[in-house]
Amino acid sequence: MGRMFQRAYEVLQADKAVLDDESKAVIERDLEKKLSEYFELSGGLRLEIVSGEEGCALAITCKVERVKRFRILP
Amino acid sequence: MARKIVITSGKGGVGKSTMTALIGIALAKKGERVALVDADFGLNNLDLYLGLEGCDGYAIPDVLAGKCRVRQALLRHPKYPTLWLLKGDKDSFPINAQTLKGLIMQMEGEFDYLLIDSPAGVGEGFLAAVSAADEGVVVVAPQLSSVRDADKAIQRMKGLGIHTLSLLINGSHGDLVVEGEEFSPKEIAKLLKLPVLGVVPHIYGLSCEGELTPHIAVRYAAEILRGGKRRVYDPTKRYSGFWGSIRRGLKRSL
């Protein structure tokens, strides 16, 4: 696949990137808050939308110190 | 029960109506009962491509206004007896998805194929045409603007629940594809993540008789639609290899 294909691929991907930086930050804050109920987070959380052959995938990355103790009610 | 297929593109001027007419003719030649529905209100040209522009008769707005029944508005092609046309209107006509869907449903028992020619864009007319169909054929020219618009149309169609989609690439220049100056069908399929129904070379225009004859590429596409042998025309074939390079050289020098 040549240069033309690469350009078209990038244009199509950019058209599909509907998540702007502000919205992304809001989701990251929300996820961080939720995850901190179960884990002791040691670093910032990163959200990434990865486009591939089969569509998009959501990748959430964050550093965790330990899993918090929590109970599940039967 | 008829298969309801919308022919769309996103971008205008890539050959939706031409391809609708040609696929319709190719299917009718195989004995299939086909109705072409011109849902491109205001810019309707299907009658022209079929050589039926002089035939007076009812159109979709007349059916909706209750002036006639759908059956009375269907125009039979004089050359292909199993091919029918339901005309649009020369004036812009507001139609919603539910209305067009209802109209199409009245016809589905009498045909094998209902080909709906959608207007360009992704507006109301497009939504109405897509909502009335179960399958879609996306006509795309090998240019970035066309691929980009097709991508948007595909996303909308998927959003409306149409997942049986294929690409009909129109206007492919075999020589430019070989030289890497134009998208190859394979590249377009990869970008749009859809299978290729057919590749039509850049040769078409209205013939002197004011009527089109399906190129072998379209006949192959129609055969795939019918569930027959899967063959896709390769426009690069005559421009590949030793003789192909001579042909390319000659074409460049013209």
> What is the spread of the Cα atoms of the protein assembly as shown along each of their three principal axes, largest first, in whole Å?
Replying inline: 79, 61, 35
> Loop-only check: which chymotrypsin sites (Phe, Trp or Tyr not before Pro) in chain A are DSSP coil with at most 14 other Cβ within 10 angstrom?
Replying inline: A:TYR38, A:PHE70
> Using Cα atoms only, what is the angle between the long axis of helix B:97-107 and the major principal axis of chain B, expressed in degrees (0 to 90) to the nearest 10?
Replying inline: 90
>> Show me, for the range B:152-164, the HN-Hα J-couplings you get by feeding each phi into the Karplus relation (A = 6.51, B = -1.76, C = 1.60, θ = phi - 60°), rounded to Hz, glycine and proline as x.
In response: 5, 4, 4, 4, 5, 5, 4, x, 8, x, 9, 10, 8
> To the nearest 0.05, what FRET efficiency results for B:TRP243 and A:VAL67 with a Förster distance of 56 Å applied to their C-beta separation?
Replying inline: 0.20
>> Based only on Cα atoms, what mean projected area does the convex hull of the range A:19-74 have, in nm²?
In response: 5.5
> Which aspartates and glutamates does B:LYS29 reach when only Cα atoms under 19 Å apart count, and residues fewer than 8 places away in its own chain are ignored?
Replying inline: B:ASP47, B:GLU110, B:ASP112, B:GLU209, B:GLU211, B:GLU223
> Where does the range B:114-254 land on the Kirkwood hydrodynamic radius, alpha-carbon pairs, in angstrom?
Replying inline: 16.3
>> To test your reading of the geometry: what angle, between 0 and 90 degrees and rounded to tens, separates the Cα axis of helix A:21-35 from the longest principal axis of chain A?
In response: 30
> B:ASN170's amide H: which non-local residues (gap 5+, or another chain) put their own amide H closer than 5 Å, with H modeled 1.01 Å from N in plane and none for Pro or chain starts?
Replying inline: B:VAL140, B:ALA141, B:VAL200
> Hey, what angle do you get for helix B:241-253 against the long axis of chain B, alpha-carbon based, 0 to 90 degrees rounded to 10?
Replying inline: 80
> What does the average come to when, for each residue of peptide B:184-197, you count the partner chain Cβ atoms lying within 10 Å of its Cβ?
Replying inline: 2
> Considering only Cα-Cα distances, which of the following residue pairs are longer than 27 Å: B:LYS190/B:LYS251; A:LYS16/B:LYS190; A:LYS16/B:LYS87; B:LYS11/B:LYS67; B:LYS101/B:LYS229?
Replying inline: B:LYS190/B:LYS251; A:LYS16/B:LYS87; B:LYS11/B:LYS67; B:LYS101/B:LYS229
> What size of dipole, in debye to the nearest 20, comes out for the protein assembly as shown about its Cα centre when the only charges are +1 on Lys and Arg C-beta atoms and -1 on Asp and Glu C-beta atoms?
Replying inline: 980
> Rounded to whole Å and sorted largest first, what semi-axes of the equivalent ellipsoid does the C-alpha gyration tensor of the range B:3-253 yield via the square root of 5 times each eigenvalue?
Replying inline: 32, 20, 16
>> I'd like the antiparallel share, as a percent to the nearest 5, of DSSP beta bridges with both residues in the protein assembly as shown.
In response: 30
>> In chain A, if the dipole is taken from +1 on Lys/Arg beta carbons and -1 on Asp/Glu beta carbons about the Cα centre, which of A:THR61, A:ILE49, A:SER23 is farthest to the positive end?
In response: A:THR61
> Arranged from highest to lowest average of other beta-carbon atoms within 10 Å per residue, in what order do the peptides B:248-254, A:23-29, B:230-236, B:32-38 appear?
Replying inline: B:32-38, B:230-236, A:23-29, B:248-254
> trypsin sites (Lys or Arg not before Pro), restricted to the range B:71-175: which are DSSP loop and have at most 16 other Cβ atoms within 10 Å?
Replying inline: B:LYS79, B:LYS90
>> So if I place +1 on the C-beta of Lys and Arg and -1 on the C-beta of Asp and Glu, and nothing else carries charge, what would the dipole magnitude of chain A be about its Cα centre? I want it in debye, nearest 20.
In response: 380
>> Counting only helical runs of four or more DSSP H residues, what would the 222 nm mean residue ellipticity of chain B come to if each run contributes -39,500 (n - 2.57) and the total is spread over all its residues?
In response: -11000 deg cm²/dmol
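Values in this text are rule-based calculations from the coordinates and carry no lab data. Since this is a predicted model, take the numbers as computed values, not measurements. Every residue, glycine among them, receives a Cβ derived from its backbone with ideal geometry; neighbour counts consider all protein chains shown.
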